[in-house]
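**Q** Got a structure for you, written out below as structure tokens; questions coming shortly.
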Amino acid sequence: MRISLNDPVFRAIFWQVVVVGTIGFVVWYLIANTLHNLEVRKIATGWTFLDREAGFAIGESLIEYEPDHSYGRALWVGALNTLRVAAIGIVLATILGTFIGIGRLSKNWLISKVCSVYVEFMRNLPLLVQLFFWWAMFQDVFPGPRQALEPITGVFFSNRGIKIPVPAEHWVHAWMGLAFLAGIAASMVVGRWAAARQAATGEQFPVLYATLGLVLGLPFVVWLIGGAPVAMDWPVLRGFNFQGGLTMTPEFAALLVGLVTYTAGFIAEIVRAGILAVPHGQTEAASALGIRRGKMLQLVILPQALRVIVPPMTSQYLNLTKNSSLAVAIGYPDLVSIANTTINQTGQAIEGIAIIMAAYLTVSLSISLFMNWYNKRIAFKER
């Protein structure tokens, strides 16, 4: 290697050093300038504020929270609220989007056109506008608690939210949850065994019924062992609001419905494109074998379409999670909303924004890692 820009090895090393040095200088300048400005304005820095008393209430929380708890716990409440709406939204949007995508390919003219109108309508309206619409629906269309709608016994719709009955608190419910998770794990093992068995012998195993038996049967057995408790916590109108049962606030309901209906429009197009990507010869071969259309979709089309569907579906899951930050516009106490309140009270904007960025980055990378793992698992294996 000659010390000359005419030497390709030296030139490559030289320009890499220049680029890294420039980036390092820019980062150093930004940090030094920020610290200087904070010192001049006498703004405190550090993370000790997380242990201080928050002093503000939060409308809904998955864990115990009071205003005398710390800012750290308040931010944790916001993170859990964000994860809750994102997790439920991903599941519901996937189900709704899949049905709409399949419906767009239906031979029934009415079903196909209704699904097409839904997709075009939802995808071309800004999500924030849709959130305002659903929030206004819950606030202005539904009556007050005393005149609440009761379409099903024990289920009430009012401008205070949706109230539904839930099983009364009992120790066996925690064990049923563990049995449910164990059933999911066992069903995955059975699915792998059934696939290997079919590849070796050609014989099919009723995986669907086995999965339902494990996922639903194990919790049922645990419920029977625990005494089969049937007591319910019913919502009851007392004074000006309902007491008891499970509450879905208008803010949570509006955010969830908005995210699900909006994202489902994009997922529907992904599913439709994935199905159309399957060669028509596969469908003709399945028809020649006498496979019914429902079974054809389940056994032939969707398994092959998944290889096309999964990569763009990952982007929609990430978009739904990040779009949940719009909850601040309708008053749902997600991570961004609570972090903004924390920043306003403490003045530590850099730390607050850093927490928001770290939280969304962690969730997004986790979703990406899982979807990439699943994509590799269903990819074609070359022999």
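The values are calculated or read from the model by the stated rules, or taken from the named source; none is laboratory data. In this text, all values refer to a predicted model and were calculated from it rather than measured experimentally. So basically every Cβ, Gly included, is an ideal-geometry build from the backbone, and we count neighbours across all protein chains shown. The protein model used for the area step is the full one, side chains on, heavy atoms only, and it has no ligands, DNA or RNA in it. Shrake-Rupley method; radii C 1.70, N 1.55, O 1.52, S 1.80 Å.
**Q** Out of the trypsin sites (Lys or Arg not before Pro) in segment 1-45, which ones are loop residues according to DSSP with at most 11 other C-beta atoms within 10 Å?
**A** Listed in order of number, the matching sites are ARG2, ARG41, LYS42.
**Q** Next up: Can you run phi through the Karplus equation (6.51, -1.76, 1.60; θ = phi - 60°) for segment 253-260 and list ³J(HN,Hα) in whole Hz, with x for Gly and Pro?
**A** 4, 5, 5, 5, 4, x, 5, 5
**Q** Further question on the same structure: Write down the accessible area per residue of the chain in Å², having rolled a 1.4 Å probe over the full set of protein chains.
**A** 61 Å²
**Q** Right, next: Would you mind computing, in nm to one decimal, how far apart the modelled labels at PHE240 and ALA277 are, each placed 7 Å from Cα along Cα→Cβ?
**A** 5.5 nm
**Q** With θ taken as phi - 60° and the coefficients 6.51, -1.76 and 1.60, list the Karplus ³J(HN,Hα) couplings across segment 347-364 in order, rounded to whole Hz; mark glycine and proline as x.
**A** For segment 347-364, the Karplus curve yields x, 9, 5, 4, 5, x, 5, 4, 5, 4, 4, 5, 5, 5, 5, 5, 5, 5 Hz.
**Q** Still on this model: Suppose a student asked you for the relative contact order of segment 169-230, using Cα pairs under 8 Å spaced at least 6 residues apart; what percent would you report?
**A** Once divided by the residue count of segment 169-230, the mean separation gives 51 percent.
**Q** A follow-up question, please. For the pair LYS113 and LEU30, how long in nm is the line joining their label points, each one 7 Å along Cα→Cβ?
**A** 5.3 nm
**Q** Which one of SER287, LEU125, ALA358 has its Cα pushed farthest toward the positive end of the charge dipole of the chain, where Lys and Arg give +1 and Asp and Glu give -1 at the Cβ?
**A** Towards the positive end, the residue furthest out is SER287.
**Q** What longest region of the chain stays clear of GluC sites (Glu not before Pro) that DSSP places outside H, G, I, E and B and that have at most 16 other Cβ atoms within 10 Å?
**A** Between exposed loop sites, the widest span is 204-381.
**Q** Which residues' amide hydrogens lie under 5 Å from the amide hydrogen of LEU246, considering only partners 5 or more residues apart or on another chain, with H built in the peptide plane?
**A** Hits under the 5 Å cutoff: ILE164, VAL166.
**Q** Any of LYS163/LYS295; LYS42/LYS322; LYS322/LYS376 with alpha carbons more than 31 Å apart? Name them for me.
**A** Beyond 31 Å: LYS163/LYS295; LYS42/LYS322.
**Q** Could you work out the helix-only [θ] at 222 nm for the chain, with each DSSP H run of four or more residues adding -39,500 (n - 2.57) and the total divided by the number of residues, to the nearest 500 deg cm²/dmol?
**A** Using -39500 (n - 2.57) per qualifying helix, the result is -22000 deg cm²/dmol.
**Q** Shape of segment 169-230 from its Cα gyration tensor (a ≥ b ≥ c, root eigenvalues): rounded if a/c is under 1.5, otherwise prolate when a/b > b/c, or oblate?
**A** Verdict is prolate for segment 169-230.
**Q** While we're here: For the chain, the longest stretch holding no chymotrypsin sites (Phe, Trp or Tyr not before Pro) located in a DSSP loop with at most 12 other Cβ atoms within 10 Å is which?
**A** Counting at most 12 other Cβ atoms within 10 Å as exposed, the longest clean stretch of the chain is 241-379.
**Q** If I take every Cα pair under 8 Å that is 6 or more residues apart in the chain, average their sequence separation and divide by the length, what percent do I get for the relative contact order?
**A** 21 percent
**Q** Considering only protein heavy atoms and a probe of 1.4 Å, how much of the accessible area of segment 169-230 is carbon and sulfur, as a whole percent?
**A** Taking all protein chains in place, segment 169-230 shows 74 percent carbon and sulfur surface.
**Q** Then there's this: Heavy atoms only, probe 1.4 angstrom, no DNA, RNA or ligands counted: give me MET371, MET232 ranked by accessible area, highest first.
**A** The most accessible residue leads, giving MET232, MET371.
**Q** On full extension of the chain, what length is gained from ALA195 through PHE180, given 0.36 nm per residue of separation minus the C-alpha to C-alpha distance?
**A** Extra length from ALA195 to PHE180 when fully extended: 3.1 nm.
**Q** Now for a separate question. Run the quick spin-label model on VAL166 and SER368: label points 7 Å from Cα toward the beta carbon, then report their separation in nm to one decimal.
**A** Reported label-point gap for VAL166 and SER368 is 3.4 nm.
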